[in-house]
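Contents: one structure, followed by commentary.
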Amino acid sequence: MTTRTAPGLVLALDQGGHGSRAVIFDDCGRQVAASHVPVATQLGEDGFVEQDPLELAASLERAMQDACGSPAVAGRRIDAS
């Protein structure tokens, strides 16, 4: 008897100018779950927008945790490549 396993999922992370996003797709490319976490920006003395690197890392981690915690993802494998 062969045991079939559910197809894996793919996690994509995006860090943009105002927030971090995590999106999980199934093997057909359909979105299964998503999360967005805002990131604060400050205007530096030189006029450039600045972001705290620790806050960026934490926002990506939070977005990933939130997306992975979705009921649609529960018990399913997330593949890495």
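The values are calculated or read from the model by the stated rules, or taken from the named source; none is laboratory data. Quick caveat, the model's predicted, so the values are computed rather than measured. Please note: Cβ atoms are built from the backbone with ideal geometry, for glycine as well, and neighbour counts cover all protein chains shown. Calculation scope for accessible area: heavy atoms of the full protein, side chains included, ligands and nucleic acids excluded. Shrake-Rupley method; radii C 1.70, N 1.55, O 1.52, S 1.80 Å.
In the stretch 29-61, of all residues being among the polar types (S, T, N, Q) and assigned to a strand (DSSP E or B), the one that is nearest to residue 78 (Cα to Cα) corresponds to 31. When the stretch 63-77 is filtered for residues that are surrounded by 15 or more Cβ atoms within 10 Å (Cβ to Cβ) and not in a loop (DSSP other than H, G, I, E, B), the ones remaining, listed by number, are 63, 64, 66, 67, 68. Within the stretch 6-18, residues that are touching a residue at least 40 places away in the same chain (Cβ under 8 Å) and under 19 Å from residue 69 (Cβ atoms) reach partners that are among the basic types (Lys, Arg) and part of a strand (DSSP E or B) with beta carbons closer than 8 Å, at six or more positions or on different chains, in the pairs 13/21. Filtered by the rule that a residue be closer than 14 Å to residue 25 by Cα and hydrophobic (A, V, I, L, M, F, W, C), the stretch 44-78 gives 64, 67, 68, 72, 73, 74, 78.
Results for (1) touching a Lys or Arg at 6+ places or on another chain (Cβ under 6 Å); (2) open to solvent by less than 90 Å² (accessible area, probe 1.4 Å), shown as yes or no for each residue.
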residue	(1), (2)
12	no, yes
16	no, yes
27	no, no
37	yes, yes
45	no, no
54	no, no
57	no, yes
